[in-house]
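Participant: Here you go, one structure.
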Amino acid sequence: MRSIFTERVKNVNQNKISEKLNSFMNIDVLLGLQWGDEGKGKIVDVLTPKYSVIARFQGGPNAGHTLEFEGIKHVLHTIPSGIFHKYSVNVIGNGVVIDPVIMEVELNALEPFKVDVNKVLFVSRKAQLILPTHKLLDAASEASKGKDKIGSTLKGIGPTYMDKTGRNGLRVGDIESDHFLDKYNKLKDKHIQLLGNFKFDYSELETLEKAWMTSIDKLRTLNLIDSEHFINKQIKDGNKVLAEGAQGSLLDIDFGSYPFVTSSNTVAAGACTGLGIAPNKIGEVYGIFKAYCTRVGSGPFPTELHNEVGEEIRKNGHEFGATTGRPRRCGWVDLPALKYAIMLNGVTQLIMTKADVLSGFSEISVCTHYEYKNEKIDYMPYDIIDEEVTPIYKSLPGWSEDLTGMSSVNDLPNSLMDYVTYLEKELEVPISIISVGPDRTQTLLR
Ligand code: GDP
Ligand code: IMO
Ligand code: MG
């Protein structure tokens with residue numbers, strides 16, 4: 001008797017505790033599980049009506065997030081993907097690096113769509129600024145690396161984060177200071193010295209600088225806020241926040257295929273540092289992956305297809321970078337890599353995009369293991385750059401139906417659903433959304 005009673009009291013208390021916890025876990029995180037371009041922008045746009053705030057937490061204009069609705073395609077680089085929804089606000093968090101010139105172009109592109117940026121866009125004073133010289137340094141560094149170049153987007157991302165961690169950076173809040181120009185010139189002079197070491201021609205600096213200063217004036221007109229206080233207040237008031245990742249987990253500065261990575265923490269932990277939120281505030285972690293896999297830029301890609309199948313995927317999926325226009329390298333889904341990303345992020349729901357692109361392939365391959373130093377392994381080893389990993393594949397039947405007009409998961413072909421079920425079993429996380437086209441409406445909820 002006594003033990004049953006104790007058990008009941010324990011359960012009641014646990015329920016109360018978890019209810020209370022849930023009310024505080026008001027931040028969900030959405031991020032890419034591969035090498036970027038998984039379709040984050042599209043899905044954030046679809047999910048935005050569920051949230052009061054959409055917040056970018058890392059990266060900068062290296063990102064290119066595509067949204068499509070009402071026949072129009074929009075590409076965002078710095079501005080969060082909730083921007084087209086009137087009833088949500090968008091925050092560019094402290095973890096982001098901002099090029100004011102690129103941001104101004106994005107703002108101008110929003111004008112015909114009657115987005116009231118004064119009402120729906122907020123920028124963290126602690127976000128770092130990308131200077132024209134950061135861009136030049138990015139180009140100089142890449143040129144000096146020759147064939148070992150990272151394949152950077154040349155947006156100045158690496159040098160800006162280097163200055164952030166080196167404690168030299170210029171932040172958005174500095175543009176409100178009377179000493180802004182002094183701070184700017186001090187950092188610029190440092191960069192000019194470095195460019196000299198690289199023997200890099202920086203004759204275009206003057207032109208770049210002029211445009212940059214004009215865009216800084218535009219930035220001054222936006223809502224500059226202490227975003228960590230703003231976001232935490234939203235959470236306290238019971239409003240839901242969606243943190244929008246950029247790049248992908250395999251490009252993370254710590255866990256990606258280093259050194260062929262970007263310069264920020266793209267994993268879920270980056271949302272905590274990039275927005276100033278505590279880990280216990282995070283609820284759902286949505287992990288997005290393509291029904292296949294792509295990578296743009298240099299670096300290892302075990303399941304890359306150097307054949308006509310890879311070409312076909314690139315063609316069907318329009319796999320060309322949203323930021324640089326470069327062709328994306330294409331290959332099959334890589335389970336050891338996905339499992340690694342799911343582990344790092346604590347993914348609670350999976351979202352599979354671009355299922356429509358695989359229509360017409362008689363077989364779909366999935367890499368289940370790697371052969372590595374003569375052993376069969378199911379995890380991502382430390383070194384996949386100097387040591388070769390050979391993917392071991394399992395084949396599944398493909399499907400031929402065009403999925404792009406389908407409006408319910410019940411319409412999806414059996415072999416696609418078998419693929420989905422197989423992935424869920426292997427990855428041990430449910431796939432809750434299947435995307436079958438670039439448009440908002442081509443999104444199937446399970
Ligand atoms: P992000 O960086 O993760 O936001 O992704 P990108 O926008 O760089 O790249 C994804 C590309 O795929 C964009 O051109 C999207 O419009 C497109 N896209 C997104 N989801 C789907 C889908 O389910 N099917 C197809 N065919 N295209 C999609
Ligand atoms: P979204 O958010 C795909 C890649 C670059 C390069 C490496 C380092 O659209 O998914 P960087 O400019 O960051 O120094 O480049 O990272 N990269 C991306 N690849 N999608 C992105 O963003 C990327 N952002 C950077 O191609 O290999
Ligand atoms: Mg992209």
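Participant: Across the stretch 364-412, what is the number of residues that are among the β-branched types (Val, Ile, Thr) and touching a Pro at 6+ places or on another chain (Cβ under 6 Å)?
Facilitator: Qualifying residue count, the stretch 364-412: 3.
Participant: Among the residues that make up the stretch 63-78, is at least one of them within 11 Å of the chain's Cα centre (by Cα) and small (Gly, Ala, Ser)?
Facilitator: yes
Participant: Return a yes/no flag: does the stretch 84-94 have any residue that is within 16 Å of ligand 3 (Cβ to nearest atom), surrounded by 19 or more Cβ atoms within 10 Å (Cβ to Cβ) and not acidic (Asp, Glu).
Facilitator: no
Participant: Continuing with the same structure: Return the total of residues in the stretch 373-418 being part of a loop (DSSP other than H, G, I, E, B) and open to solvent by 90 Å² or more (accessible area, probe 1.4 Å). Walk me through how you get there before you give the answer.
Facilitator: Step one: of the stretch 373-418, the residues part of a loop (DSSP other than H, G, I, E, B) are 373-374, 378-388, 398-408, 412-413.
Next cut, open to solvent by 90 Å² or more (accessible area, probe 1.4 Å) only: 373-374, 379, 382, 386, 388, 400, 402, 407.
Residues flagged as part of a loop (DSSP other than H, G, I, E, B) and open to solvent by 90 Å² or more (accessible area, probe 1.4 Å) within the stretch 373-418 amount to 9.
Participant: Among (1) more than 16 Å from ligand 1 (Cβ to nearest atom); (2) farther than 20 Å from GLU428 by Cβ; (3) of a type in the set (A, V, I, L, M, F, W, C); (4) out of contact with any Asp or Glu (no Cβ under 9 Å at 6 or more places or on another chain), which single condition is LEU358 missing?
Facilitator: Going through the list (1) more than 16 Å from ligand 1 (Cβ to nearest atom); (2) farther than 20 Å from GLU428 by Cβ; (3) of a type in the set (A, V, I, L, M, F, W, C); (4) out of contact with any Asp or Glu (no Cβ under 9 Å at 6 or more places or on another chain), LEU358 breaks only (1).
Participant: Here's another thing I want to ask about it. Across the stretch 282-322, what is the total count of residues that are within 16 Å of ligand 3 (Cβ to nearest atom), of a type in the set (Val, Ile, Thr) and not in a strand (DSSP E or B)?
Facilitator: Number satisfying all stated conditions: 1.
Participant: Can we say LEU423 is surrounded by 12 or more Cβ atoms within 10 Å (Cβ to Cβ) and not in a strand (DSSP E or B)?
Facilitator: Against the criterion (surrounded by 12 or more Cβ atoms within 10 Å (Cβ to Cβ) and not in a strand (DSSP E or B)), LEU423 qualifies.
Participant: Would you be able to say whether some residue in the stretch 273-281 is under 16 Å from the mean Cα position of the chain (by Cα), at pLDDT 95 or above and open to solvent by less than 10 Å² (accessible area, probe 1.4 Å)?
Facilitator: Going through the stretch 273-281, the residues under 16 Å from the mean Cα position of the chain (by Cα) turn out to be 273-275.
From what's left, at pLDDT 95 or above: 273-275.
Those still in the list that are open to solvent by less than 10 Å² (accessible area, probe 1.4 Å) too: 274-275.
There is at least one residue in the stretch 273-281 that is under 16 Å from the mean Cα position of the chain (by Cα), at pLDDT 95 or above and open to solvent by less than 10 Å² (accessible area, probe 1.4 Å).
Participant: Would you please list the contacts, defined by Cβ atoms under 8 Å and residues six or more apart or on different chains, that run from a residue in the stretch 61-75 that is farther than 17 Å from VAL105 by Cα to a residue that is away from ligand 3 (no atom under 13 Å from the Cβ) and part of a strand (DSSP E or B)?
Facilitator: Matching pairs, first to second residue: GLU68/ASP439; PHE69/ASP439.
Participant: Can you work out which of the residues in the stretch 237-262 that are more than 13 Å from the chain's Cα centre (by Cα) and of a type in the set (S, T, N, Q) is farthest from ligand 2 (Cβ to nearest atom)?
Facilitator: Among those residues, the one meeting the criterion is ASN239.
The values are calculated or read from the model by the stated rules, or taken from the named source; none is laboratory data. Only a predicted model underlies this, so the values are computations on that prediction, with no experimental measurement involved. Note that each Cβ is placed from the backbone with ideal geometry, even for glycine, and that neighbours are counted across all protein chains shown. Heads up: the accessible areas ignore ligands, DNA and RNA and are worked out on the full protein's heavy atoms, side chains in. Shrake-Rupley method; radii C 1.70, N 1.55, O 1.52, S 1.80 Å.
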